[in-house]
Amino acid sequence: MTDSDSAAPSSPTPPNYDWDGYGFDTRQVHAGEREERNFGARVTPVYLTAAYRFASFDEAEARFTLAEEGQLYSRNLNPTHLVAEARIASLEGAAGAIVVGSGQAAITGLLLGLAGEGEHLLATASIYSGTRVLFDRTFARFGVDLDYVRDPRDADEWERLIRPETKAVFVETIPNPKNDLVDIAEISRITRRHGIPLVVDNTVATPCIIRPLEHGADVVVHSSTKFLTGHGAALSGVIVDGGTFDWAGSPRPYPGITEPVAPGKPSFLEAFGRHALEAYLRFGIVNDLGAALSPVNSFLLQQGIETLSLRMAKHQENADAVATWLDGHPAVESVDYAGLPTSEYHGIAERLYGGQAGSVFAFTVRGGREGAQRFFDALRVFSRMTNIGDVRSMALHPATTTHVSFSADERERLGIHDGLIRLSIGIETASDLIADLDQALRAAVGATPEETLS
């Protein structure tokens, strides 16, 4: 018998669960995975359970007092969610994340955790219409005041509107429908000077295009229903905590984070350090509001994230092609797309967004409302629906849908004109999308298929 014959067999290398330092594409597939000890399932199981057994009296007390990490109820912790949360935090370069039932739930839970009655928030005016309705209707009922910055590039306007009671600034990286990109780095310089957390909605851009935390943002939110999930089958939202804001050092009070949670108990900041905001929201505000995500939708979110960069590349490629084509079409008055060299936001796209402008933008068809209606009703490949970030291309008329509750004056100030159409460009064949738009634009101006437009 030789030495090699008597040598003990080598032990297999265990799977890797630490994905720090790996590339984006690798992390979108693997980050956040945990060992599945029951059957070795390769895909994260869906834990369809409302609650969890406690091993003992002492463990139950430790879980409820947060002295011990672990499951106690699916309203704040679920094993399926933990994977999605760790994966998104990895992609955004964050300390942690919390998944919730929708993008609106993410914004509501976060901002009501930072501002209460008699306090103030500041946002850019061109944010998603549903978010503005949330602020103007529901937040107002809670006594939270809000102002809108009309020109985010005007530093003086920011300075005029910031108050002593301002508790957060809220912006979007790529607002829809106007695609008016925001300079996160410049705004962060203002918020840091005032000791105010900068909250950035990164739904349309996703971390594929820009990671706001790298440009000075403190917290990121997503309607992960959109591009992160990507298939339009499930609602979800996510709050992403950068873990860098100095809650104790801010001149503005954040008592939910910095004060003891109960007599004789530490504050969230003392107990959780850079994860203080995440813990405060998870076990406090988000838990209290009951904005829980279904484990099934969490599973679908993970499935979508696995192909995020592949889909986003196709979304972007198609959007560039469609916007360029629309920009030269005689039935189109204007195109709001920062990827075009003629856009006033193109410089921001080049400097901060890698030259990309996402795939949600607007254009204005000739003929006002009547032209828009004829165009809209003639679409065949584009779906007429109110969503964005789906693999399918979609179209909507904002003036009569998402912005219908806004006054005519406010729509005019926002550039939501009667001929404006919002597009969310999917991953279909670009030539098919262009052909559909062409026949619909011809219908909009009453041209025959054979007629040359000028």
- Query: Got a sec? Which of GLU59, GLU36, GLU68, GLU85 is of a type outside the set (Gly, Ala, Ser), under 21 Å from GLY304 (Cα atoms) and either touching a Cys at 6+ places or on another chain (Cβ under 8 Å) or free of Cβ contacts under 8 Å to residues at least 60 places away in the same chain (or both)?
  - Reply: GLU36
- Task: Kindly list the number of the only condition in (1) surrounded by 23 or more Cβ atoms within 10 Å (Cβ to Cβ); (2) at pLDDT below 95 that fails for LEU114.
- Result: (2)
- Task: Please state which one of ILE196, ILE187 is in contact (Cβ under 8 Å) with a residue 24 or more places away in the chain, outside any loop (DSSP other than H, G, I, E, B) and among the β-branched types (Val, Ile, Thr).
- Result: ILE187
- Report yes if some residue within the stretch 364-375 is hydrophobic (A, V, I, L, M, F, W, C) and over 16 Å from VAL445 (Cβ atoms); otherwise report no. no
- Query: Restricting attention to the stretch 415-429, does a residue exist that is within 17 Å of SER334 (Cα to Cα), in contact with a Lys or Arg (Cβ under 9 Å, 6 or more places away or on another chain) and assigned to a helix (DSSP H, G or I)?
  - Reply: no
- Of those in the stretch 349-393 that are under 15 Å from ARG422 (Cβ atoms) and polar (S, T, N, Q), the residue surrounded by the fewest Cβ atoms within 10 Å (Cβ to Cβ) is THR386
- Only residues that are surrounded by 20 or more Cβ atoms within 10 Å (Cβ to Cβ) and assigned to a loop (DSSP other than H, G, I, E, B): list them for the stretch 51-101, please. SER74, ASN78, ALA94, GLY101
- Item | the stretch 268-294 - residue that is buried (at least 21 other Cβ atoms within 10 Å of the Cβ) and not hydrophobic (A, V, I, L, M, F, W, C) and, of those, farthest from PRO207 (Cα to Cα) | TYR280
- Note on the structure: Those residues of the stretch 151-184 which are β-branched (Val, Ile, Thr), crowded, with 23+ Cβ neighbours inside 10 Å and in a loop (DSSP other than H, G, I, E, B) amount to THR173, ILE174, VAL182
- Task: Taking LEU301 as meeting all but one of (1) surrounded by 20 or more Cβ atoms within 10 Å (Cβ to Cβ); (2) touching a strand residue (DSSP E or B) at 6+ places or on another chain (Cβ under 6 Å); (3) part of a helix (DSSP H, G or I), write down the number of the exception.
- Result: (2)
- Note on the structure: When (1) in a helix (DSSP H, G or I); (2) in contact (Cβ under 8 Å) with a residue 60 or more places away in the chain; (3) assigned by TED's automatic domain parsing to the domain that holds GLU428 are applied to PRO330, the one that fails is (1)
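The values are calculated or read from the model by the stated rules, or taken from the named source; none is laboratory data. Small disclaimer: the values here were computed from a predicted structure and weren't measured. Here the Cβ is made from the backbone with ideal geometry for all residues, glycine too, and neighbour counts use every protein chain on show.
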